[in-house]
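Below is one structure, written out as structure tokens; comments come after it.
The values are calculated or read from the model by the stated rules, or taken from the named source; none is laboratory data. Note that the structure is a prediction, hence the values are computed from the model and not measured. Here the Cβ positions follow ideal geometry from the backbone for every residue, glycine too, while neighbour counts run over all protein chains shown. SASA here: full protein model, heavy atoms, side chains in, ligands and nucleic acids out. Shrake-Rupley method; radii C 1.70, N 1.55, O 1.52, S 1.80 Å.
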Amino acid sequence: MTYREANFDGLVGPTHNYAGLSFGNVASQQHAAQPSNPKAAAQQGLAKAKLLADMGFTQGILPPHDRPDITTLRRIGFSGSDNMVLQQVAHDAPTLLNSCSSASCMWTANAATVSPSADTLDGKVHFTPANLVDRLHRSIEPAQTGRILKAIFADKQFFTHHQHLPEHSFFGDEGAANHTRLCHHYGETGVELFVYGKQANQSHTVPSHYPARQTLEACQAVARLHGLTQDNTLFMQQNPTVIDQGVFHNDVIAVGNQNVLFYHQQAFANQQADLQKLQEKMHGQLHLIEVPQDAISVNDAISTYLFNTQLLTLSDNNMVLIAPTNCEQHAGVKAYLDHLLQLDTPIRAVQYVDVKQSMQNGGGPACLRLRVELSEQELAAVNPGALLTTERYHTLMQWIDRHYRDRLTVADLADPQLLIESRTALDELSQIMQLGNIYPFQQN
Ligand code: SUG
């Protein structure tokens, strides 16, 4: 049977804005309070997804959550009509309105951790939505993410959905951004690499300035839920000093696919020893492509997102790296990538994509996608409305054009018209994607 990796990209929502909500994420802080362009953001993301579909990869999409999140605002005591809720929070607690209006679910690498059926004890694909407890604006995502994943991967014969981990920093979980599955061939049991920032309640090896969002305990819980074995699992700690420089997720400093791991010299805490263990689990056949600090500094890796690239296997088994145009525009990083293609590794091509609207909030090409490895049978069981065909791409581009603004400031988040526009757009989208009534506002 053929197995493949499908990428599910997050459609950028109509409230995409720069509110500076992510302490520890340098780009989010740098662009705080600048006007955003939600229309361009959604078009850029969808164009990337279409490019991959045109290159022959299986491409899916995940819909945005409804924002501003009136359900959460009611939960914390705002009341009256939806419009009154909006006006009250804008007046009394504007920062809460910002947190409840973020389009951050676009970064679907943080939606969930996914283990393919080849790795799990019961032979099903397992999903655990990330609780994202470190950031308030992200902690309101997991329930809706769970509903969306269940609507898309509905067939219980193939797919198992777990509840997100308990909502406490002990189990801080950021999903696939800190999880990399390595293997020789899709469909064969692989090695699931979980990277954590800290152990809960242990203070001696944590970053001193920025938060470590992922705990070892969360990684272990997800591995248990998914029925992974010790043999096919490895837990590695991120280097706390790179977290302090702005590497808030492991996918800002490393990316892997099949038998290739592409990473920075300073990515991990116990780099040599841990990579040796990983190599043993991969039976000595892992290509370790380490980028030295002398060639690319951690700061340059963060500002260009060299490692937040998508590493994809082409039909001839060579690999292509999908990198943000920020890499192409940085002389040193571009020179490194040109050099990389001359080395004897499976990476044979680089394709640049413009996702600048997302990049300005700290989300590169790899943040925008959730990888799901699927057999033919499993793929056939996926809700077809979530797969990107040429026809659906055009429908979605027209949908974006009709419903999205091309300029949004933080002050606009209080605009009652924005809530109406967003709901109208999402209501239509749930029909385009054949998802049923997945949004709370559709339940009333
Ligand atoms: O969680 N940015 C996101 C970016 C997530 C990137 N994902 C991965 N690396 N996989 C975050 O920090 C910024 C929102 C704002 O400031 O408005 C934000 O949430």
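The calculated 222 nm mean residue ellipticity attributable to helices in the chain amounts to -9000 deg cm²/dmol, summing -39500 (n - 2.57) over DSSP H runs of n ≥ 4 and dividing by all residues.
SER297 to ALA380: extension gain in nm, 0.36 nm per residue of separation minus the Cα-Cα distance?
Values: separation 83, 0.36 × 83 = 29.88 nm, distance 4.36 nm.
The span from SER297 to ALA380 would gain 25.5 nm if fully extended.
Which one of ILE70, ALA151, GLY362 is farthest out on the positive end of the charge dipole of the chain, using unit charges on Cβ (Lys, Arg +1; Asp, Glu -1) and the Cα centre as origin? It is ILE70, whose Cα lies furthest towards the positive end.
The amide H of VAL291, built 1.01 Å from its N in the peptide plane, has TYR263, HIS264, GLN265 as neighbours under 5 Å, considering only residues 5 or more places off or on other chains. Any idea what diffusion coefficient the stretch 1-64 gets from Stokes-Einstein, in µm²/s, Kirkwood Rh on alpha carbon pairs, 4 °C, 1.567 mPa s? D = 96 µm²/s.
Round to a whole number: what % of the accessible area of the chain belongs to carbon and sulfur, probe 1.4 Å?
Details: 7880 of 16610 Å².
Carbon plus sulfur share of accessible area: 47 percent.
Please report, in debye to the nearest 20, how large the charge dipole of the chain is about its Cα centre when each Lys and Arg carries +1 at its beta carbon and each Asp and Glu carries -1 there.
Working: 29 positive and 42 negative charges, 114 e Å.
Value, rounded to 20: 540 debye.
Counting 0.36 nm for each residue step from THR395 to GLN29 and taking away their Cα separation leaves a gain of 128.3 nm. Whole-Hz Karplus values for the stretch 307-318 come out as 9, 8, 9, 9, 10, 10, 8, 7, 5, 8, 6, 6 Hz, taken residue by residue from phi with 6.51 cos²θ - 1.76 cosθ + 1.60 and θ = phi - 60°; glycine and proline positions read x.
Note that the chain presents 37 Å² accessible area per residue, ligands and nucleic acids not counted, probe 1.4 Å. Between the stretch 427-444 and the stretch 257-290, how many Å separate their Cα centres? The distance from the Cα centre of the stretch 427-444 to that of the stretch 257-290 comes to 43 Å.
Since only HIS168, SER208, GLN237 are under comparison, the one whose Cα sits farthest along the positive direction of the charge dipole of the stretch 147-253, derived from C-beta charges on Lys, Arg, Asp and Glu, is HIS168.
Only protein heavy atoms count here; under a 1.4 Å probe, HIS209 has an accessible surface of about 110 Å². The packing ranking, built from the mean of other Cβ atoms within 10 Å per residue, places the peptides 41-49, 270-278 in the order 41-49, 270-278, highest first. With an 8 Å cut-off on Cα pairs and a minimum separation of 6 or more residues, tell me the relative contact order of the chain in percent. Normalised by residue count, the contact order of the chain is 24 percent.
Just list whichever of LYS39/LYS356; LYS50/LYS150; LYS124/LYS156 have alpha carbons separated by over 20 Å in the model shown. From LYS39/LYS356; LYS50/LYS150; LYS124/LYS156, over 20 Å: LYS50/LYS150. Applied to the stretch 108-118, the Karplus parametrisation 6.51 cos²θ - 1.76 cosθ + 1.60 on θ = phi - 60° returns per-residue 3J(HN,Hα) values of 6, 4, 9, 5, 6, 9, 10, 10, x, 4, 5 Hz, with x for Gly and Pro. Applying both filters, DSSP loop and at most 14 other Cβ atoms within 10 Å, to the trypsin sites (Lys or Arg not before Pro) of the stretch 140-194 gives LYS156.
Pairwise Cα distances in the chain exceed 27 Å for 49 percent of all pairs. Only Cα pairs under 8 Å and 6+ residues apart enter the sum, and on that basis the relative contact order of the stretch 59-192 stands at 23 percent.
Summing +1 for each Lys or Arg and -1 for each Asp or Glu among the other residues whose beta-carbon sits under 14 angstrom from that of LYS150 gives +2. Highest average first, the peptides 66-77, 286-297 ordered by how many other beta carbon atoms sit within 10 Å of their residues are 66-77, 286-297. List the chymotrypsin sites (Phe, Trp or Tyr not before Pro) in the stretch 363-441 that DSSP assigns to loop (not H, G, I, E or B) and whose Cβ has at most 16 other Cβ atoms within 10 Å. Which are they? Within the stretch 363-441, no chymotrypsin sites (Phe, Trp or Tyr not before Pro) qualify (loop, at most 16 other Cβ atoms within 10 Å).
Net charge dipole, the stretch 209-338: roughly 280 debye, given to the nearest 20, about the Cα centre with Cβ charges of +1 for Lys and Arg and -1 for Asp and Glu.
Phi angles across the stretch 295-304 convert, under the Karplus curve 6.51 cos²θ - 1.76 cosθ + 1.60 with θ = phi - 60°, into 3J(HN,Hα) values of 7, 9, 6, 4, 4, 5, 4, 6, 6, 9 Hz, Gly and Pro given as x. Among TYR3, MET84, VAL114, whose Cα lies farthest out toward the positive end of the dipole of the stretch 1-134, if unit charges sit on the beta carbon of Lys, Arg (+1) and Asp, Glu (-1)? Towards the positive end, the residue furthest out is MET84.
Which order do GLU188, GLU421 take by accessible area at a 1.4 Å probe, largest first? Each step should come with its number before you reach the end.
Numbers: GLU188 85, GLU421 45 Å².
From most exposed to least exposed: GLU188, GLU421.
Each part gets one Cα centre, and for the stretch 131-165 versus the stretch 35-98 those centres are 16 Å apart.
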